């Protein structure tokens, strides 16, 4: 994500008006304020908010929500987190709901995973804590799936339908991730207005580890737990490519496995060569006085910062999409030497299944659906040339990008056989990675939030970035997070240890069963309250918080 540009006051207020116009915000359920880390000392009412259906595979569903006290606000006007139990009712009709998960362990951050579901089956569900049904996040427009614009007052039971899996045998799985930003200390500054700090950035809670480290520490173990045989990190592994931060990022990735065997990395704009003392011990960049390249030192000490590899019979093509000296806040571009390499690689074995990873998105749709300041994707002419190369190479099936910090699936009119998948950032809300599962007859792509307790806490703390607008942009709709594509991969090789589907729980003969994530800090107990009073309190808290933020914006 570029660091040079800012929203104008007019654009900022236009975005604020978009949120204000959302039907959810007029119906109490201001779900985007159920986070914050103030730890109050007295018990209060519990409201269950920000319900999101994150992951949906043929046998698994992952739901998350938070519980807060709308009568105890932090300095940002958000309900303080309140620990509560985690319960999920599920059935094949609204009249047959049964409790399939109940965890009495109290936490404000609820992560419910149900495995053993039937492919192609419609299920109905209610998620609740302390007997209070969770309401969907405002950014999901009234549906936990994140794909409905029609429910002005979200009321359960909600429903989902599991997809059919790709045909054939599961061969291997790959974790796709990006935007770790090791070394960053304030999140959400891309839209902050210089001089007035509106909307403000978000920092980690005092006493907790730096948030990029929290999220990076969750990445390797959880990718393994999800069954990934390989991990691909598509750039911006550091905040500003300081030697310490680049090497710290590499240490977290090394916890997953061996570099260039178990995981691969490409450069992002934040990983570009830098000047200054923090990069001064790294290799000097030829022809660029004062610039040093710590990223190349750590990951490409003896060769170019782009590559081709063969894994499982599949071609892996890694791009350096910021192959230049620059500020980081402009279009990504490949050098002439690199583009010639890409052209030569794709001219060979055109039908070989090929996965491309590069930091900057490529398609026109990606550019048109971003907004300032994250409008700088690949340089347009080079992007069109790359799409033309893909169109002439039938084996190219997926291009994995980061940069925008969002889950977004786009298409190209020129290369219609390729899926272009942007993956949300590791370092902040929604915080996680995509798992690509390759079968002999196609592949499935599914986004997983981190379930580590500290990662969940930071994810919710960082949710209100950009004045509360970030979830509308970064979470993505259901198809951006979960998709199945049919394709012939019968010539690929299986991994030596095939991953399980849907996480760490084993199958249970087709019967749904529970896998609960999350952990609680030492927070005070809290009980339930009258539903009407609870709704009124939440509505009042939401209104006061919105008024406070908009008043501050008008002053500036």
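Across the stretch 114-127, the qualifying residues are those that are touching a residue at least 40 places away in the same chain (Cβ under 8 Å) and either touching a helix residue (DSSP H, G or I) at 6+ places or on another chain (Cβ under 9 Å) or part of a loop (DSSP other than H, G, I, E, B) (or both), and the one among them that is surrounded by the most Cβ atoms within 10 Å (Cβ to Cβ) is 117.
Results for (1) in a loop (DSSP other than H, G, I, E, B); (2) buried (at least 23 other Cβ atoms within 10 Å of the Cβ); (3) outside the structural domain of residue 439 (by TED's automatic domain parsing); (4) at pLDDT below 95, shown as yes or no for each residue.
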| residue | (1), (2), (3), (4) |
| --- | --- |
| 112 | no, yes, yes, no |
| 153 | yes, no, yes, yes |
| 215 | no, yes, no, no |
| 220 | no, no, no, no |
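In the stretch 411-426 there is at least one residue that is in contact with a helix residue (DSSP H, G or I) (Cβ under 8 Å, 6 or more places away or on another chain), over 25 Å from residue 368 (Cβ atoms) and in the same structural domain as residue 219 (by TED's automatic domain parsing). Out of curiosity, is residue 424 farther than 23 Å from residue 490 by Cβ and crowded, with 24+ Cβ neighbours inside 10 Å? Here the answer is yes, as residue 424 does meet what is asked.
When you scan the stretch 83-99, do you find a residue that is out of contact with any strand residue (DSSP E or B) (no Cβ under 9 Å at 6 or more places or on another chain), in a loop (DSSP other than H, G, I, E, B) and over 17 Å from residue 155 (Cα atoms), even just one? No, the stretch 83-99 has no match at all.
On inspection, residue 379 does not qualify as modelled with pLDDT of 95 or more, farther than 11 Å from residue 420 by Cα and surrounded by fewer than 24 Cβ atoms within 10 Å (Cβ to Cβ). Criterion applied to 49, 53, 63, 89 was being in contact (Cβ under 8 Å) with a residue 12 or more places away in the chain and surrounded by fewer than 22 Cβ atoms within 10 Å (Cβ to Cβ), and the one residue passing it is 89.
Output yes when any residue across the stretch 360-372 is at pLDDT 95 or above, within 19 Å of residue 303 (Cβ to Cβ) and under 29 Å from the mean Cα position of the chain (by Cα), and no when none is. No, there is no match, as no residue in the stretch 360-372 is at pLDDT 95 or above, within 19 Å of residue 303 (Cβ to Cβ) and under 29 Å from the mean Cα position of the chain (by Cα). Residues that are without any contact (Cβ under 8 Å) to a residue 60 or more places away in the chain and not in a loop (DSSP other than H, G, I, E, B) within the stretch 328-347 comprise 333, 336, 337, 338, 339, 340, 341, 342, 343, 344, 345, 346, listed in sequence order.
With respect to residue 279, determine if the residue is in contact with a helix residue (DSSP H, G or I) (Cβ under 7 Å, 6 or more places away or on another chain), surrounded by 14 or more Cβ atoms within 10 Å (Cβ to Cβ) and at pLDDT 95 or above. Against the criterion (in contact with a helix residue (DSSP H, G or I) (Cβ under 7 Å, 6 or more places away or on another chain), surrounded by 14 or more Cβ atoms within 10 Å (Cβ to Cβ) and at pLDDT 95 or above), residue 279 qualifies.
The values are calculated or read from the model by the stated rules, or taken from the named source; none is laboratory data. Every value quoted in this text rests on a predicted model; they were computed, and no experiment measured them. Cβ: placed from backbone, ideal geometry, glycine included. Neighbour counts: every protein chain shown.
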